[in-house]
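Some notes on the structure that comes next.
The values are calculated or read from the model by the stated rules, or taken from the named source; none is laboratory data. Values in this document were obtained by computation on a predicted structure and should not be read as measured data. Cβ sites come from the backbone with ideal geometry, for glycine too, and all protein chains shown count toward neighbours.
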């Protein structure tokens, strides 16, 4: 599979769909957070992301993507950005051209599934990447089954140079040795599992590990596209306030923290998180409180819209959210 940048993809897509017999598909990754669960919109019983033939009839690809997703799934859209263009060499048109995926990432308020089309359903995205949730008590057991197989692949390298390169990839992706686990390395971890043959989509798959360990497979290359989108979203949490596109208009700081934890798969230190939010002036008190089941009512906040303007004018960056 070949990737291009978002800027290049618009050019390449426009060029390639004009070739006789070529095929381009639109694939959209929509994220939501509901009840502190990170969710992704899927179709075909969770085996695919929303996708279909690219028909560039709008003034821009993004406008076409918005219209297409709303028409096909019935899901109202919020924030959206172009992700990547992928070339799937394993699929081809009738004339032999490789299939092109034009992918987008969207952040939405989750809709009632009863109003969705295409049998679209929201799924917990950790069913596809169970090793990515460091909060889960089962993650150490998952890693205990994966890591020896990855290390065996490293040790089986044909020469010392290759072995060193493989070991560095393993350490970087999985936070070993001098490296730490980085949530945004989801794609690196997925690609290594694919290359070693530990997931069903891989042509080298032979280990037959259960879905609880290697995740639920998806058709075509959709799980790789999903891994790319998860990496992009997790990285953006460090420097853009995209989390607020997933939050209701009013929320408590507890709800905000739990939602970020759901997306990143990591736990955050409560006091440090709240100091960060207040220091960056990300939220504004609404003067209202939420009724709590226990203890005193929690103060409600809303997003400080001025942060967006400041970030454009002064290069505003959110500090990295540390676990401790």
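Restricting attention to segment 146-193, the residues being outside any helix (DSSP H, G or I) and surrounded by fewer than 14 Cβ atoms within 10 Å (Cβ to Cβ) number 6. Condition check for residue 281 on (1) touching a helix residue (DSSP H, G or I) at 6+ places or on another chain (Cβ under 8 Å); (2) surrounded by fewer than 19 Cβ atoms within 10 Å (Cβ to Cβ); (3) on the phi < 0 side of the Ramachandran plot: one failure, at (3). Of the residues examined, residue 299 is one that is at pLDDT 75 or above and surrounded by 14 or more Cβ atoms within 10 Å (Cβ to Cβ). All conditions but one from (1) part of a loop (DSSP other than H, G, I, E, B); (2) over 17 Å from the mean Cα position of the chain (by Cα) apply to residue 238; the one that does not is (2). Residue selection: residue 43 fails the criterion of being modelled with pLDDT under 90, touching a helix residue (DSSP H, G or I) at 6+ places or on another chain (Cβ under 8 Å), more than 27 Å from residue 260 (Cα to Cα) and buried (at least 17 other Cβ atoms within 10 Å of the Cβ). Residue 199 meets each of the listed conditions (1) loosely packed, with under 15 Cβ neighbours inside 10 Å; (2) in contact with a helix residue (DSSP H, G or I) (Cβ under 7 Å, 6 or more places away or on another chain); (3) in a loop (DSSP other than H, G, I, E, B) apart from (1). With respect to residue 271, determine if the residue is more than 26 Å from residue 130 (Cβ to Cβ), out of contact with any strand residue (DSSP E or B) (no Cβ under 7 Å at 6 or more places or on another chain), assigned to a helix (DSSP H, G or I) and free of Cβ contacts under 8 Å to residues at least 24 places away in the same chain. Considered against the rule, which asks whether it is more than 26 Å from residue 130 (Cβ to Cβ), out of contact with any strand residue (DSSP E or B) (no Cβ under 7 Å at 6 or more places or on another chain), assigned to a helix (DSSP H, G or I) and free of Cβ contacts under 8 Å to residues at least 24 places away in the same chain, residue 271 comes out as yes. Summed over segment 218-247, the residues that are farther than 23 Å from residue 195 by Cβ, out of contact with any strand residue (DSSP E or B) (no Cβ under 7 Å at 6 or more places or on another chain) and either without any contact (Cβ under 8 Å) to a residue 24 or more places away in the chain or crowded, with 22+ Cβ neighbours inside 10 Å (or both) give a count of 2. Do we have any residue at all in segment 194-208 that's more than 21 Å from the chain's Cα centre (by Cα), within 22 Å of residue 135 (Cα to Cα) and touching a residue at least 12 places away in the same chain (Cβ under 8 Å)? No: segment 194-208 contains no residue that is more than 21 Å from the chain's Cα centre (by Cα), within 22 Å of residue 135 (Cα to Cα) and touching a residue at least 12 places away in the same chain (Cβ under 8 Å).
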